[in-house]
Amino acid sequence: MFCTSCRAQNSDAAQVCSSCGHNLPRLSAAGAPVQIENYMTAAIAVTVCCCMPFGIPAIVYASQVNTKLAANDVVGAQEASKKAKMWSWLSFGGGALAALLYTLLAIVGAIAENS
């Protein structure tokens, strides 16, 4: 398990960091691993359908979530999940903005052609 403060490696049973003494994140009350949304489906969908330049970082961060959870880096997995969600929304917004601009330009072009 990684320390959330100094990022030092500790045993899975440790409650405090052996390096800095910071309290370590715990497993859920049932002892099961923490589940964190990775947003991979959303990241792929917005990359394909909306805005590829912003969707690629979303996919990269989404792919890091499960890897970090497997390494017991709960804080890192939460950060990657948050960034994957943010980049997914940016990609969606970029695609929506591009569609809006395209529509406006098409309308202006049609009006100019008919004048």
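The values are calculated or read from the model by the stated rules, or taken from the named source; none is laboratory data. Only a predicted model underlies this, so the values are computations on that prediction, with no experimental measurement involved. Using ideal geometry, Cβ is built from the backbone for each residue, glycine included, and neighbour counts are taken over all protein chains shown.
Inspection of segment 28-44 finds no residue satisfying the criterion of being surrounded by 15 or more Cβ atoms within 10 Å (Cβ to Cβ), more than 30 Å from residue 1 (Cα to Cα) and at pLDDT 90 or above. For residue 81, the test of being of a type outside the set (A, V, I, L, M, F, W, C) and at pLDDT below 85 is failed.
State the number of residues belonging to segment 62-115 that are in contact with a helix residue (DSSP H, G or I) (Cβ under 6 Å, 6 or more places away or on another chain), of a type in the set (S, T, N, Q) and closer than 19 Å to residue 2 by Cα. Let's see the steps before the verdict.
Looking only at segment 62-115, we keep the residues that are in contact with a helix residue (DSSP H, G or I) (Cβ under 6 Å, 6 or more places away or on another chain), and these are 62, 64-65, 68-69, 76-77, 80-81, 83-84, 87-88, 90-92, 94.
The next check asks that each one be of a type in the set (S, T, N, Q); those that pass are 64, 81, 88, 91.
Restricting the remaining residues to those that are closer than 19 Å to residue 2 by Cα gives 64, 81.
Adding up the residues that qualify gives 2.
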